[in-house]
1. Any residue in segment 239-258 that is open to solvent by less than 60 Å² (accessible area, probe 1.4 Å) sitting within a Cβ distance under 6 Å of a residue that is in a helix (DSSP H, G or I)? List the pairs, counting only those 6 or more apart or interchain.
2. Please go through segment 9-46 and give me each residue that is surrounded by 15 or more Cβ atoms within 10 Å (Cβ to Cβ) and farther than 19 Å from Trp162 by Cβ, ordered by number.
3. Of all residues in segment 133-142, which are open to solvent by less than 50 Å² (accessible area, probe 1.4 Å) and assigned to a helix (DSSP H, G or I)?
4. Would you mind finding the one in Leu231, Leu236 that is open to solvent by less than 50 Å² (accessible area, probe 1.4 Å), over 25 Å from the mean Cα position of the chain (by Cα) and modelled with pLDDT of 80 or more?
5. Restricting attention to segment 46-78, report how many residues are farther than 21 Å from Ala178 by Cα, at pLDDT 80 or above and among the basic types (Lys, Arg).
6. So in segment 191-228, with the set limited to residues that are closer than 23 Å to Gln173 by Cα and among the aliphatic types (A, V, I, L, M), which one is modelled with the highest pLDDT?
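The values are calculated or read from the model by the stated rules, or taken from the named source; none is laboratory data. All values derive from a computational prediction rather than experimental measurement. With ideal geometry, Cβ positions are generated from the backbone for all residues, glycine too; neighbour counts draw on all protein chains shown. Surface accessibility is based on the protein's heavy atoms, side chains included, excluding ligands, DNA and RNA. Shrake-Rupley method; radii C 1.70, N 1.55, O 1.52, S 1.80 Å.
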Amino acid sequence: QQQQQQQPASRSAYEAAGLWSRVSFSWVGPLIHKGWHSLQLGPDDARFLLPQDTDAPQLSQQFETAYGKLKAKYAARGKHPNLTTLVLLRLYWPALLRHSFWVLCEVGIRLLSPLALREFLQWLQADSAAPGSSPAWRGWCWAVAVASGGICMTLVHHQFFWIGMRMGFCMRQQVVAAIHAKVLRLNSAAVAHANSGTIINLASNDVRRFDEGFSFWLFCWAGPLEAGMVLLMVSLELGFVPAICGMAAMLAVIPLQALLVRTVAGLRRNTAARTDERVRLTGEVIQVGSSSI
């Protein structure tokens, strides 16, 4: 326990973990072991697991520094781009590349696993029709490949989501800190024109899109890539016309999905407007009640 309490001052358990420990998530083993034996865990028990770069003050300072540099750079050029997006891209492009690597591995495993299963089934059919005609070692190799595909998919899939969720969490922390810092820097005249409900909604609800979106954003390009590879593989096996007919059935659902997404987005905008107004009215009621008391 003393070693765990001393570890955050130097390196966290995640930072000290090796490659296999990170891939298999065995670096959380001490926490699981402690929870199994003590049956009671507190907030401080998992503190030694936290990486140093997830500390909220450090994330806020990192964002503010990068934001100030980009703001001065584009102000000298007379340009006014979306600085928040540019800052996040500058800070997290290495994590985005790692995220892309893992999604490519997942796509590759999903494409190669059916091929290995096909070869294994063909070996079984050949061996059943003429026992001994196909060497046994070939069947064992394809069987191991099929089993390895499932194991690798489990490891890669969890790494993919771990990186995406952690990246979204850090971005959310930085944006919330930036919102708070901006509100505190505003003068009284600017704050008077701002709706408190909007600010609260931004810092509590809207920033959750980072947590949800960065676990799946890569499928915007990985999905079409995988669909194209599947179309190519089916075309080589059955021909282009049967393959495109099968793909057309899936593509026909996209307009319906786009319509549903547009409808849900409209409902969310209306809900956000109602939420802002409700928070504003609630704040006014509490302020009037507290002043009268």
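1. From segment 239-258, the pairs are Ala243/Leu231; Ala243/Val234; Ala243/Ser235; Met247/Leu231.
2. Passing the criteria: Lys34, Asp45.
3. Gly139
4. None of the other options fit; the residue is Leu231.
5. 1
6. Initially, segment 191-228 is screened for residues closer than 23 Å to Gln173 by Cα, giving 191, 194-218.
Filter once more, so that each one left must be among the aliphatic types (A, V, I, L, M): 191, 194, 199-200, 202-203, 207, 218.
Working: Val191: 63, Ala194: 63, Ile199: 70, Ile200: 69, Leu202: 72, Ala203: 72, Val207: 79, Leu218: 84.
Of everything passing the filter in segment 191-228, Leu218 is modelled with the highest pLDDT.
Let's see how each residue does on (1) in contact (Cβ under 8 Å) with a residue 24 or more places away in the chain; (2) farther than 24 Å from Glu237 by Cα:
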residue: Leu111; (1), (2): yes, no
residue: Gln122; (1), (2): no, no
residue: Ser128; (1), (2): no, no
residue: Ser133; (1), (2): no, yes
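Quick grid of which residues meet (1) of a type in the set (Asp, Glu); (2) surrounded by fewer than 16 Cβ atoms within 10 Å (Cβ to Cβ); (3) under 21 Å from Val230 (Cα atoms):
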site: Asp55; (1), (2), (3): yes, yes, no
site: Glu64; (1), (2), (3): yes, yes, no
site: Lys69; (1), (2), (3): no, yes, no
site: Thr84; (1), (2), (3): no, yes, no
site: Glu106; (1), (2), (3): yes, no, yes
site: Ser113; (1), (2), (3): no, no, yes
site: Val144; (1), (2), (3): no, yes, no
site: Met153; (1), (2), (3): no, yes, yes
